[in-house]
Amino acid sequence: MEVRSTQDGILRAFAMLLQQQSQPRNVKKKFVYRQFGTAVHASRRLTKSEGAAVDALVGQLEALDPRDDANNSSIESLLKELSKQPVRFVPIKLEQRIDYSKPYPYRSTKRGG
């Protein structure tokens, strides 16, 4: 049997603290993000005429259904006109919460819990 002194115990405790500190904490993610389209942002402050032109183009784009193949050519032409304006396309991400909750912590799922 090994006899440990107080100094030895303090050194061992300090070594354990340093070991815990060097390992990063494993943090669970609370949200998951997925692509949700793009937004149109002005790259600088727009004049009234530029703002009106951008709003008109965006309104026409919103009216079209992107899933319909007949609208592809008109959507492409509207996007070309929009890219000539002082705007940039910013990707949007949808934030979905990850649910870690249990149905009921003290009930077995075998018995309908």
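The values are calculated or read from the model by the stated rules, or taken from the named source; none is laboratory data. On a predicted model such as this, the values are computed, not experimentally measured, just so you know. When we count neighbours, we look across all protein chains shown, and the Cβ atoms used for this are built from the backbone with ideal geometry, even at glycine. Surface accessibility is based on the protein's heavy atoms, side chains included, excluding ligands, DNA and RNA. Shrake-Rupley method; radii C 1.70, N 1.55, O 1.52, S 1.80 Å.
Cα axis of helix 48-63 to longest principal axis of the chain: angle in degrees, 0 to 90, nearest 10? With rounding to tens, the tilt is 80 degrees. Close amide H pairs (under 5 Å, H built 1.01 Å from N) link Val87 with Ser43, residues at least 5 positions away or on another chain. Once the Cα atoms of helix 72-83 and of the chain are each reduced to a long axis, what angle between those two axes, in degrees from 0 to 90 to the nearest 10, is obtained? Orientation of helix 72-83: about 80 degrees from the principal axis.
For the residues Arg88, Arg97, Arg12, a GNM of the chain with alpha-carbon springs under 10 Å puts the largest fluctuation on Arg12. Since only Gly9, Leu64, Ser43 are under comparison, the one whose Cα sits farthest along the positive direction of the charge dipole of the stretch 1-83, derived from C-beta charges on Lys, Arg, Asp and Glu, is Gly9. On the chain, 54 percent of the accessible area sits on carbon and sulfur atoms, based on a 1.4 Å probe. Taking Cα centre as origin and charging only the Cβ of basic (Lys, Arg, +1) and acidic (Asp, Glu, -1) residues, the dipole magnitude of the chain rounds to 820 debye. Given a 1.4 Å probe and the protein chains as shown, Leu17 ends up with an accessible area of around 110 Å². The mean sequence distance of close C-alpha pairs (under 8 Å, at least 6 residues apart), as a share of the length of the chain, puts its relative contact order at 40 percent. Probing with 1.4 Å while keeping every protein chain in the model, the per residue accessible area of the chain equals 92 Å².
A probe of 1.4 angstrom, applied to the heavy atoms of all protein chains, finds Ser49 with accessible area near 90 square angstrom.
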